[in-house]
Amino acid sequence: MLYKTILTAVLLLSLGLCGSVFSQVPQTERPFINPIELPAYYLQAVENGTRTNDGRPGPNYWQQFSDYTINALYHPDQQMIEGSVAILYQNNSPDTLYTLELDLDLNMHKEGTIRIEPAQVTEAITLKRVAVEGVAYEQSPRGTARYNVNATRLMIVPENVVAPGSSVHIEVDFTLHMPQQGAGGRVGHDSDNVLFAGYWYPRMATYDDLIGWHPDPFLSRAEFYHGFGNYNIQISAPADWVVMSTGAFLNPEEVLAKHILERYNRAAQSDETVHIVTVDDFGYASTLGEPGDTLTWKFRAEMVRDMAFSATRASFWDGARASIGDTKGDGTEEFIQVHSFWRDSAPYWAKSIEYMQHSITFLSEYTGFPYPWPHMTAVEAGNIIGGGMEFPMMTLIGDYNSRGPAALYSVTLHEIAHMWIPMIISTDERRYSWLDEGYTVFHTDSGKEDYLPEMNHREMTRQSYIRFALTGQEGEMMRRSDSHDTPMAFRFASYAKPATILTALRGVLGEDTFYRIHQEMHQVWGFKLMSPYDWFAFVEAESGMDLTWFWRSWYYETWTMDQQVESVHETRRATEITIRDNGNAPMPVHLRLTLSNGEEIDFIENDINPWLRGERTMTITVPHRNVVRVEIDAHRHFPDTNRSNNIWER
């Protein structure tokens, strides 16, 4: 009805007959909360039984699975990788697949490829052979038994369709010319002594129960969405390079010098940092190879979304173990290995093993989901990246010389926190960066509260979001990641704001309920593909609350919050407190009352119906007299943009 009234007004304006038409439009003091329209593909998934209305995987849930065999040869003199990948792709869906689609992410560096950030132009990925079931295919834009490359996507049209429940073998031989700063500064090479290779091989694009093949290209800014698989990996490199990869290290005794192998094994049992490779071991002293030799390093990874590897020849290698708790409930503490590769040009990295140990142990307990893989490795490469980038079991991080040890701890924790989301709970980062980055910033602030308690880390995150929100330049969190107007709008919608709103959600639900849901989410969606709509529904089902107003206000709009104590009036038996809401985002009213005898009482008004009716004020009656001070949100749960009006004092 409102829509028709506005159309009528526009028509009359065009005819010069405006009069008082706009006075007919219903006026409220604040915007109403519109319902959230779930996309048709999600509703269809619920109807199909792959998802449920309570935000859990349904009885018919399925996901695709891949077995990879990867072989690579690194040529440092050319910064080139020769590679081959063999994929056994299992079609667990009920759909017949007429095409097979693979991602070639580093093709964003090819000349002519569309991207939204500047990038070095290289030859990127060159396909040498593409085969299905052992039959080599030709590159062609049309016809059967063919393949075609469109920017960062390889599409194969197989001779035979892939039926539900069947599998298909795909083989691709290729070369990659690695850019110095690749994939938006997430991978590359540094100073001729460090390589970090990620997104470097053709891998299966994601096919899920929501939209089938995910079509979004890699444009440099928004990140990735992967299914799960197992990997057999062989990386060959000149014998003066040390390699580490996603996956269990299978052949250390075949490649490491005897004294390096002894330190490597000792580090796996040590709570203190063990210096596995020192400056005296750089080059051939660290391996069993001789000048001119090539060594092959072998790894095996299970249930991971992706893989990455590093190669170094002038990096210290530190190692130790990190506790992941009593995972079997038998009273025995379990450990994984942590590794750090860094150069003497990055001295703050001397404590990186300690940072990694705390991160792994803290997050294993905090999420209720112990770190599930055999190692976690951090690699320093300050000329590739300024911050950090996560991969399963691997992270690339800058030197942090200009930001100091606390910042290095923070980024280490942040990248390791990504092992839980999106590496354990897989999310679509390319469309909804806020889901993994927001949770990861929230986890990072939680870990910093434990490790660096002298600072209020959540408040720093909250204030950074508020400052940007007050500029009026932010974009909605549910806007697709690559569709934000500016890089800053993308960043705040993906990092500080969603982390801040998780803290606000904790205030709405209460800490016990929030953390119960938080840990249950990891159990329910671990090693599965969770969408934002699953998360919304899961939180509502587990809390028993209709949170449409919360999702709409914070995730679909750019509304802000500003609650004010307008007046306090004492009656014979109680105190009436009038709260004015100057913002558009409705929130419960959390009050702390201070009585004349010094007693402090917390009072929560969860009834937000006055706000939802469009009102600007509500009067709350509290059964206390002699109130001398009232403060809104003393626990700092909510992102109130103006706290100067949050306090009343007699």
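State all residues of region 239-253 that are more than 21 Å from the chain's Cα centre (by Cα) and under 25 Å from Gly185 (Cα atoms); if no residue qualifies, say none.
Trp241, Val242, Val243, Met244
Condition check: buried (at least 19 other Cβ atoms within 10 Å of the Cβ) and either at pLDDT below 95 or basic (Lys, Arg) (or both). Does Arg552 satisfy that?
yes
Regarding region 445-461, can at least one residue be identified that is outside any helix (DSSP H, G or I), touching a residue at least 24 places away in the same chain (Cβ under 8 Å) and in contact with a Ser or Thr (Cβ under 7 Å, 6 or more places away or on another chain)?
no
Does Glu302 qualify as being at pLDDT 95 or above, farther than 17 Å from His75 by Cβ, among the charged types (D, E, K, R) and out of contact with any Gly (no Cβ under 9 Å at 6 or more places or on another chain)?
no
Can you go through Tyr451, Tyr515 and tell me which one is surrounded by fewer than 21 Cβ atoms within 10 Å (Cβ to Cβ), among the hydroxyl-bearing types (Ser, Thr, Tyr) and touching a His at 6+ places or on another chain (Cβ under 8 Å)?
Sole residue among the options that is surrounded by fewer than 21 Cβ atoms within 10 Å (Cβ to Cβ), among the hydroxyl-bearing types (Ser, Thr, Tyr) and touching a His at 6+ places or on another chain (Cβ under 8 Å): Tyr451.
Where residues in region 188-234 are among the charged types (D, E, K, R) and over 24 Å from Thr113 (Cβ atoms), which of them is surrounded by the most Cβ atoms within 10 Å (Cβ to Cβ)?
Residue satisfying both the conditions and the ranking: Asp209.
Do you know which of the residues in region 24-42 that are touching a Gly at 6+ places or on another chain (Cβ under 7 Å) and either assigned to a helix (DSSP H, G or I) or exposed (fewer than 14 other Cβ atoms within 10 Å of the Cβ) (or both) is modelled with the highest pLDDT?
Across region 24-42, the extreme among qualifying residues is Phe32.
Among the strands (runs of 3 or more DSSP E) confined wholly to region 43-107, which include 3 or more residues that are in contact (Cβ under 8 Å) with a residue 24 or more places away in the chain and more than 23 Å from the chain's Cα centre (by Cα)?
The strands (runs of 3 or more DSSP E) meeting that bar are 65-75, 80-90.
Kindly provide the set of residues from region 621-633 that are surrounded by 15 or more Cβ atoms within 10 Å (Cβ to Cβ) and either in a strand (DSSP E or B) or within 30 Å of the chain's Cα centre (by Cα) (or both), ordered by number.
Val622, Val627, Arg629, Val630, Glu631, Ile632, Asp633
Considering only residues that are free of Cβ contacts under 8 Å to residues at least 60 places away in the same chain and part of a loop (DSSP other than H, G, I, E, B), look in region 473-485 and name the one that is farthest from Pro217 (Cα to Cα).
Out of the qualifying residues, it is Gln473.
Test each condition in (1) surrounded by 16 or more Cβ atoms within 10 Å (Cβ to Cβ); (2) out of contact with any strand residue (DSSP E or B) (no Cβ under 8 Å at 6 or more places or on another chain) for Pro94 and report the one that comes out false.
Answer for Pro94: the failing condition is (1).
Does region 555-587 hold any residues that are over 15 Å from Thr641 (Cβ atoms) and surrounded by fewer than 18 Cβ atoms within 10 Å (Cβ to Cβ), and which are they?
Tyr556, Glu566, Ser567, His569, Glu570, Thr571, Arg572, Arg573, Ala574, Glu576, Thr578
Let me confirm something: among Asp607, Asp602, which residue is in a strand (DSSP E or B), over 14 Å from Trp648 (Cβ atoms) and of a type in the set (Asp, Glu)?
Asp602
The values are calculated or read from the model by the stated rules, or taken from the named source; none is laboratory data. Keep in mind it's a predicted model, so treat the numbers as computed, not measured. Backbone-built Cβ (ideal geometry, glycine too); neighbour counts: all protein chains shown.
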